[in-house]
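Q: Can you keep this structure in mind? I'll have questions shortly.
The values are calculated or read from the model by the stated rules, or taken from the named source; none is laboratory data. Predicted, not measured: the structure shown is a model, and the values here were computed from it. As a convention, Cβ positions derive from the backbone with ideal geometry for all residues, glycine included, and neighbour counts pool all protein chains shown.
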Amino acid sequence: MNREDISKNLGANIKQYRTKLGVSQESLAFLAGMHPSYLGCLERGEKCPTIETVFKICEALHISVAELLDFETPPSSHTNVIPYHLEKSIQKLSHNQQRCILEIMENIVALCEDRKSETVCPDSNPK
């Protein structure tokens with residue numbers, strides 16, 4: 001793969017993750033500490049970023065460098081960024097706070113599963 005192909009694939013992945021996250025070029029550029037026009041050039045594959053810039057973009061997109069540089073898997077099938085973002089946020093908390101968050105999340109999942117089963121299997125004896 002030549003440099004031009006790498007730039008094009010990298011730009012496509014940046015744009016795909018940015019749109020999946022629902023942020024504008026301007027917002028991502030701000031979060032990554034770069035000018036929006038430079039980000040536009042990257043997304044179009046016109047420029048090839050430094051490793052430092054790649055790390056900043058990944059941090060702003062809440063993805064790993066490996067995910068951004070995965071050119072074999074189409075960007076639309078990359079994993080969901082939400083679990084990564086949740087993990088990064090939870091890592092900032094103390095162990096006890098993490099345990100509380102885990103308990104809350106388990107309760108929410110259980111509640112969602114209960115609601116889903118009610119919708120799929122409504123009560124056969126209406127009141």
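Q: Could you list all residues from region 1-12 that are among the polar types (S, T, N, Q) and either within 15 Å of K56 (Cβ to Cβ) or surrounded by fewer than 16 Cβ atoms within 10 Å (Cβ to Cβ) (or both)?
A: N2
Q: Going residue by residue through region 67-80, is there one that turns out to be assigned to a helix (DSSP H, G or I) and at pLDDT 80 or above?
A: Yes, some residue in region 67-80 is assigned to a helix (DSSP H, G or I) and at pLDDT 80 or above.
Q: Yes or no: region 37-53 includes at least one residue that is more than 25 Å from M1 (Cα to Cα) and modelled with pLDDT of 95 or more.
A: Yes, region 37-53 has at least one match.
Q: Another question, if that's okay. Return only the number of the condition from (1) at pLDDT 90 or above; (2) over 12 Å from the mean Cα position of the chain (by Cα) that Q16 does not satisfy.
A: Among (1) at pLDDT 90 or above; (2) over 12 Å from the mean Cα position of the chain (by Cα), Q16 violates only (2).
Q: Further question on the same structure: If you check every pair at least six apart or on different chains, which have Cβ atoms under 8 Å apart with a residue in region 36-49 that is free of Cβ contacts under 8 Å to residues at least 24 places away in the same chain first and a residue that is assigned to a helix (DSSP H, G or I) and charged (D, E, K, R) second?
A: Final answer for the pair search is P36/E26.
Q: Then there is this: Restricting to region 1-43, give me the number of residues that are over 17 Å from F71 (Cβ atoms) and touching a Lys or Arg at 6+ places or on another chain (Cβ under 9 Å).
A: Here the count works out to 11.
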